[in-house]
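A short worksheet on the structure shown next.
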Amino acid sequence: MRFGAFLLLALALVPTAAARQKSKWVRVYTFDDAVIEMEEINLSFGNFGRVRFRTVFDKPRPLPGKSDVLYKTLVEDLEIQCKEREYRLSTAVYLDRKGAAVYVYKARGDEDWEEVKTHMMLKLLDPACRMIEKKKV
């Protein structure tokens, strides 16, 4: 009987421990109708890093060029060169309300680096570069 009670207690505590695990996403910007989060990375190399951003909108939006297709979340993988303050998009996945991909963009790999010029990209670049610096090998 004691073993059975111990087993039940142990099983009851498993979801609690899992719920305490740290989220891999860190909020970096909040709009009136959306939030942008950055995924924590494990490591980076020198001045270069790959960072994933997730923009979650309150309401679904039409996919550019396809107004009949709606997405609610946009997940973008950016390659960032912090010292040069440049970035380029490597992938973008548009997800519907249920999390299913409705469109996927994949870069060819030879795209030019873009200089950070917009206020929004500055808001994303600074926390991304701090994380890249912290996780450097």
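The values are calculated or read from the model by the stated rules, or taken from the named source; none is laboratory data. In this text the structure is predicted, and so the values were computed from the model without any measurement. Note that each Cβ is placed from the backbone with ideal geometry, even for glycine, and that neighbours are counted across all protein chains shown.
Annotations
- Restricting K72, K59, K98 to those that are more than 20 Å from H119 (Cβ to Cβ) and either among the polar types (S, T, N, Q) or not in a strand (DSSP E or B) (or both) reduces the list to K98.
- Test result for V28, modelled with pLDDT under 95 and within 21 Å of C129 (Cα to Cα): yes
- Positions within region 59-79 being modelled with pLDDT under 95, under 24 Å from L125 (Cβ atoms) and not acidic (D, E), in sequence order: P64, L78
- Top-ranked residue in region 31-54 [being part of a strand (DSSP E or B) and surrounded by fewer than 17 Cβ atoms within 10 Å (Cβ to Cβ); ranked as modelled with the lowest pLDDT]: F45
- Tallying residues that are in a helix (DSSP H, G or I) and within 17 Å of F48 (Cβ to Cβ) within region 122-137 yields 11.
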